[in-house]
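Throughout, read-outs are computed from the coordinates displayed, never taken from laboratory work. Just so it is clear, the model here is predicted, and its values are computed rather than measured. Ideal geometry is used to build each Cβ from the backbone, glycine not excepted, and the neighbour counts take in all protein chains shown.
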Amino acid sequence: MKLRIFGIIFKIALAAAVISLVLLISVKAYGFGKAVFDEKPGTAENPVSVTVEVKEGDGIRQVAALLRQEGLVESTLVFTVQKYFYGSVILPGTYRLNSNMTGKNILDVLSGVAVDTEEDS
């Protein structure tokens, strides 16, 4: 009898742990997906303009780390996923970026899609 009660308690505890884990993963996945697809531009009253240089041979990790260091993106992982999602090709050059730009806007500038940017190659 005690063994049967212990088995029932164990199954309930295991089910609760699995449900909690699934819930935690779901919340994290939702937050990540929202950061990738529903990004908002910065809301700084005094946006900062930053000049960044992308060198020949710089990979997405180096570019994302540079943008994070300059305060232009919050997450290198989110920026990297956005780059692949939008199919952007980052071109070498010197770019003037703004702290109120979204990741998509930054990718447009770095890939030469945006026409209202200053680029010195």
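When ranked by the protection proxy of mean other Cβ atoms within 10 Å per residue, highest first, what sequence do the peptides 9-20, 57-68 form?
On the way: 9-20: 10.0, 57-68: 15.8.
In decreasing order of mean packing, 9-20, 57-68 become 57-68, 9-20.
Can you give the helix-only mean residue ellipticity at 222 nm for the chain, where every DSSP H stretch with n ≥ 4 adds -39500 (n - 2.57) and the sum goes over all residues, rounded to the nearest 500 deg cm²/dmol?
Taken over the chain, the calculation gives -18000 deg cm²/dmol.
Taking only Cα atoms, what is the 0 to 90° angle, nearest 10, from helix 60-69's long axis to the longest principal axis of the chain?
Orientation of helix 60-69: about 90 degrees from the principal axis.
Can you order the peptides 97-106, 78-87 by their average number of other Cβ atoms within 10 Å per residue, highest first? List each step's numbers first, then the result.
Details: 97-106: 19.3, 78-87: 16.7.
Packing order, densest peptide first, comes out as 97-106, 78-87.
Using a Gaussian network for the chain with springs between C-alpha atoms less than 10 Å apart, which of these wobbles most: E56, E39, E70?
Maximum fluctuation in the GNM of the chain, among the listed residues, is at E56.
Using 25 Å as the Cα-Cα cut-off, could you pick out the over-long pairs in K28/K55; K28/K83; K55/K83?
With Cα atoms farther than 25 Å apart: K28/K55.
Could you tell me the distance between the Cα centroids of the range 1-25 and the range 47-121, to the nearest Å?
47
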